[in-house]
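*Asks:* Mind looking over this structure? Questions follow.
The values are calculated or read from the model by the stated rules, or taken from the named source; none is laboratory data. The model shown is predicted, which means the values in this text are computed figures rather than measured ones. Here the Cβ positions follow ideal geometry from the backbone for every residue, glycine too, while neighbour counts run over all protein chains shown. The area values use the complete protein model at the heavy-atom level, side chains included, leaving out ligands, DNA and RNA. Shrake-Rupley method; radii C 1.70, N 1.55, O 1.52, S 1.80 Å.
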Amino acid sequence: MRDFDSDHDALGHLWATQPGLGRFAAVNHHVIGLRFIVTSLAFFAVGGALAMMLRVQLATPDSAFLTASGYARTFTIHGTVMMFLFAIPLLEGLAMVLLPKMLGARDLAFPRLSAFGYWCYVFGGLTILTGMGLGLVPEAGWFLYPPLSSAAFSPGLGTDLWLLGITFVEISAIAVAVDLIVSVLVLRAAGMRLMDMPVMGWTMLVVGAMMLLGFPPLMVASALLEAERTFGLPFFDPSRGGDPLLWQHLFWSFGHPEVYVMFLPAAAVVSSIVPTFAGRPIAGYRWIVGAILSVGGLSFLLWGHHMFTAGLHHGSVALFSAASMLIAVPTGVQLFAWIATLARRRAPTPARGQRLPLAMLWILGFFFLFVAGGLTGVMLAVVPFDLQALDTHFVVAHMHYVLLGGFVFPMIAALYHSLPLVSGRRQEGRLGRIAFWLCLVGVNLTFAVMHLTGLLGMPRRVAGYGSESGWTAVNLLSSAGSIVLAAGFAAVMIDLLLTLRRGRRSPPDPWRGGTLEWATPVLPPTPQVFDAIPRITGRADSLQPRRIAEATARGEGYLSRPRHGWMETLGVDPRTGAPRQIVLLPARSFRPFWAALTIGAAQISVLAGSYPLAGALACLAVAILLSWPPHPVGNCDHGPLAAGQGLFLPAQTEHPRPPLLWGLRAALLADGAALASLFFAGVYLAAFAPGWADAPLPDIPLGLQLVTAGSLIGAMVTADKAHRRGRKAMIDILGAFTWALAVFLTPIAMIQTLTGVTTHAAPALHLAMLLWLCLHGALGSILGGLAIARSLQGRISDLRRTDLILLRCHNRWLAVTGAVALAFPHLVAAIAAP
Amino acid sequence: MPMPRLTILHDHSTSSAPHARRTAAAIGGNLCPRPCAARMSTDGMLSPASPFAVDVANLGWAMLAGGTVVLTLVTALAILATLRPSALSRLTDSRLILGGGIVLPVIGILALSAGAARTGATMHHRVSPDTPTLRIEAVARQWEWRFHYADHPRDAVMTGHLRLPEHTDIEIVMTSEDVIHSFWVPELGGKMDATPGHRSTIRLHAGAPGHHLGLCAEFCGIGHTAMPFTVEIMPTADFDLWLRTAYQEGARHARF
């Protein structure tokens, strides 16, 4: 036993976060995830206070509480804070805390990236809040439609601050998405097949992919709008070949998937609490996995239902409408799988008078509110009805039912359910139940009536109404309800805080769960979570956590004995779950903090108009990111290492598919989505925007285009060769570096030939695409340079090829996307030609 | 709240158009003694006044009824399954999932699609082939609507007040001079964005004489709240007389 105890202590010491200033160096998933949750709840309070201001303004007719401008700012920031700074970070935080524990890993795949994501989120959020304090706030609503958000109609820095702050938060979301996807694919317990994963694992895999595909369109749109505002490049100005509708397409192809990015994790929470309560594995597991996948796919086909009144073609309206209604099917499948799980349970039914667990109470609230919101959503998918109800308070009511009922309620259930994992205590007492009923009554009082307000003809976003409009009583009721709701949420927060401090001590596995996060001998779990990585057989939501906890505490499992002070976890085959590699995780580091801070400072410099400083800071940020020290495991060849249970596995540095390769692939997926958005912008404008009949199509010298194409092929071929040669690849790496440098430089030469970028969208689009190519040449050069440096340090051998694997993957992608970028002007010209 | 006013844009028979425009604006208040739009009450979609709006309202009530049934059913099932699972123990997992998750939504979607198609047909087709059609051009800007009687021999522009002849199909072609606005008369039904650089069309049916409130439905800046307009459906004879009189009054004042 002594031996296991000392292993246990050594592991604990390795994985712990330091106190004091050391907190800024934290990289542990549990710590970072909790920070995401706590910060997002603080933003929830801010957003809630703003909502109360809106309800005060609308409580009485002819109200003078806010000016029209003050009202516009308040609803813009309310929407922004709730969507970007509360909802997404909350679900990210929850996934970060729970996912590794559920899947049997000690941490996420890229802990420093998690920390970097957190600091980006904090600084992005602070940028927006500081702007609010200084009165630098956009007044155009959170979806920022141009031309209202253009420089002409929204002068001042408010909109710029918003665009930069949100882009910052999106960077954070993409970082977290990459992290979560790779963790789900590679870092699992031994033997956990893809089809054995808990629903939460499937969900975060799909949600991560949705974030990678859905957030880049908004980032591209924001960049284009910012370029139009700051540098006068026309993308949305109809008098110069742009089109305001382009923004709507890009914004909603982000905005609609985002709704399901919020809903799916909430549904996964239900899928983990309901079976726990019912004492059985979830019913229809395969159905649920299918439903999650189809919701993920369908969510990218319905952005147009926000645009039924924008004058889209009848055919596309019908398609968007059908897709919007179809989403009821996978949603229905999930609802009835939960009902089936409850109906045919193994756990004893609570006797009369015995109380339901608090989390189940919130889940039942979810059932009612979410189904109500889903049904009004189906109503809105019906085009003729939508033509009446769109942009009225009916939509506001629908959206709040879905977001509060379909997201916030399950999230609160999840917080109560997982509190023992955080503090080792569980909720008791009446306050939690009072809070639930206040919230349930508050939501319905505020928003049920609001459907009627909309049907009575009150458009959304009006700052007031006259006493004879007939909208007085309904608005007063909604405002009264909002007070009940605010009291309810305040009570939830107080109850959570009290539980953290003074709740009843919880035994391990208090709810008799079936998933691995409860397989811990003590609550809260130690920083390394598992003293040994368990092997599991069968579905990972029908385990016996207590037995597994006893076994792993005895050191039964993999990687139970620390060596060289390395932080190790198991890397598995994504499909079969067979152990494949030992993943070495990085130690604490201040660099994520400094990198995010530097990027934040660069953004502020852009706002202040000092572009040289911004450039210098951006270079500094890249330098900080590059200086993340590589793990010492890569200093020499190790060959297979003992992983416990008689198993020998290579370290990740010696495996052909290390987590970094999966990470790069995930990042390239997001990159592809960004390229597709830019490509779509060009094709859309050329085909549909006014003023393209005599568009000034740029004439880029053919020679330069051929040189670029040649460089792209060169970069790909040499990287392939370098990968084959391994240790002797120096000359090929140098070649790959040089070709990528050429891809960086030739677009700059091509940009010199562009004229009139501020007079028409055509040259402006080409400028954007050339900058995209230039940036990717730079990235290729950096990867090449990194490989050179690693090779010189002796970190590349025939066994240790990670840098070459990454270079090959990147340069292949660069060749394909570069070809698309080069073809872009020709395609745009062909479409624009009469 | 700007008062509705009438402007004669140009005059085919006299050469004093600029004067006419100025003077007609000055007397606009007399020509349109309508109450200010914001001072008008509306029951919105609950008092539909055109075939399309009636159809949408009926569709809405039908969906509300169906939705209430589904909501009650699902909530009751969830509560029953939680508190009294024995009541549902005869249903197997797959029966519940297939029945509730696939069959029920598919039936609902088919019913809704049929309802939508029927209502959509009302929107796109004219009430009867011999109903006259009036084409109006609307231009939105921060923060007013201008309606331009393009096809009328006496070319006229109204601001903030739309006069329509009774029992006529109306086709409004709209655009915007600045930001995106959205044309909406809840009681007549339908909504259409006025987008700069685009021309979009909405078809309405003006039924019996009466007054209706019109609103801007797309947030268009701090004046968004103060952008309502009135729609006045008039007996055909009155409408023709009004256009002619408006023109003549404008012309008579112009001589001074």
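*Asks:* If you roll a 1.4 Å probe over the heavy atoms of the protein chains, what accessible area per residue do you get for the stretch A:577-728, in Å²?
*Replies:* I get 45 Å² per residue for this part.
*Asks:* What is the average number of partner chain Cβ atoms found within 10 Å of a Cβ in A:503-513?
*Replies:* If you average over the peptide's residues, the count of other-chain Cβ atoms is 0.
*Asks:* Quick one: buried accessible area between B and A, total over both chains, 1.4 angstrom probe, nearest 100 Å²?
*Replies:* What B and A bury together is about 6300 Å².
*Asks:* Which value in nm describes the separation of the simple spin-label points at B:ALA65 and B:ALA117, placed 7 Å from the Cα toward the beta carbon?
*Replies:* Computed distance between label sites B:ALA65 and B:ALA117 equals 2.2 nm.
*Asks:* Something else about it: With a point put 7 Å past each Cα toward its Cβ, work out how far A:LEU613 is from A:ARG554 in nm, to one decimal.
*Replies:* Taking the simple label geometry, A:LEU613 and A:ARG554 are separated by 6.4 nm.
*Asks:* Of A:LEU804, A:THR758, A:MET769, which is farthest on the positive side of the dipole of the stretch A:720-823, counting Cα position, with +1 on Lys and Arg Cβ, -1 on Asp and Glu Cβ, and the Cα centre as origin?
*Replies:* Positive-end residue among those listed: A:LEU804.
*Asks:* Summing -39500 (n - 2.57) over the DSSP H runs of n ≥ 4 in chain A and dividing by its residue number, what mean residue ellipticity at 222 nm do you reach, to the nearest 500 deg cm²/dmol?
*Replies:* Computed ellipticity for chain A at 222 nm equals -22000 deg cm²/dmol.
*Asks:* Give the Rg (one decimal place) followed by the Dmax (whole number) of the protein assembly as shown, computed from C-alpha coordinates and expressed in Å.
*Replies:* 31.2, 111
*Asks:* Under 10 °C and 1.306 mPa s, how fast does the stretch A:736-775 diffuse according to Stokes-Einstein, given a Kirkwood radius computed over C-alpha pairs? Answer in µm²/s, whole number.
*Replies:* 151
*Asks:* Further question: Using 0.36 nm times the number of residues separating A:ALA687 and A:PHE648, minus their current alpha carbon distance, what extension gain do you get?
*Replies:* Result for the pair: 8.2 nm of gain on full extension.
*Asks:* How much of the accessible area of the protein assembly as shown, probe 1.4 Å, is carbon plus sulfur, in whole percent?
*Replies:* 66
*Asks:* I've got another one for you. Roughly how many Å² is the accessible area per residue of the stretch A:1-128, as a whole number, for a 1.4 Å probe?
*Replies:* Value for the stretch A:1-128: 31 Å² per residue.
*Asks:* FRET efficiency for A:LYS728 and A:MET195, Cβ-Cβ distance as r, R0 = 51 Å, nearest 0.05?
*Replies:* E between A:LYS728 and A:MET195, to the nearest 0.05, is 0.75.
*Asks:* Taking 7 Å along the Cα-to-C-beta vector as the label spot, tell me the A:ALA322-A:PHE300 distance in nanometres, rounded to one decimal.
*Replies:* It works out to 2.0 nm between the two label points.
*Asks:* OK, next. If each residue of separation counts as 0.36 nm, what is the full-extension length gain between A:CYS636 and A:THR349 once their alpha-carbon separation is subtracted?
*Replies:* 97.4 nm
*Asks:* Across peptide A:389-400, how many C-beta atoms of other chains are within 10 Å of each residue C-beta, on average?
*Replies:* Counting Cβ atoms of other protein chains within 10 Å of each residue's Cβ and averaging gives 3.
*Asks:* Next question. How many Cβ atoms of partner chains, on average, are near each residue of A:740-750 if near means within 10 Å of its Cβ?
*Replies:* The shielding value for this peptide is 0.
*Asks:* Go ahead and run the numbers for FRET between B:ALA87 and A:LEU431, Cβ-Cβ distance against an R0 of 30 Å, rounding to 0.05.
*Replies:* My answer for the efficiency is 0.40.
*Asks:* Continuing with the same structure: Can you give the FRET efficiency for A:LEU771 and A:THR130, using 1/(1 + (r/R0)^6), R0 = 25 Å, r = Cβ-Cβ distance, to the nearest 0.05?
*Replies:* E between A:LEU771 and A:THR130, to the nearest 0.05, is 0.30.
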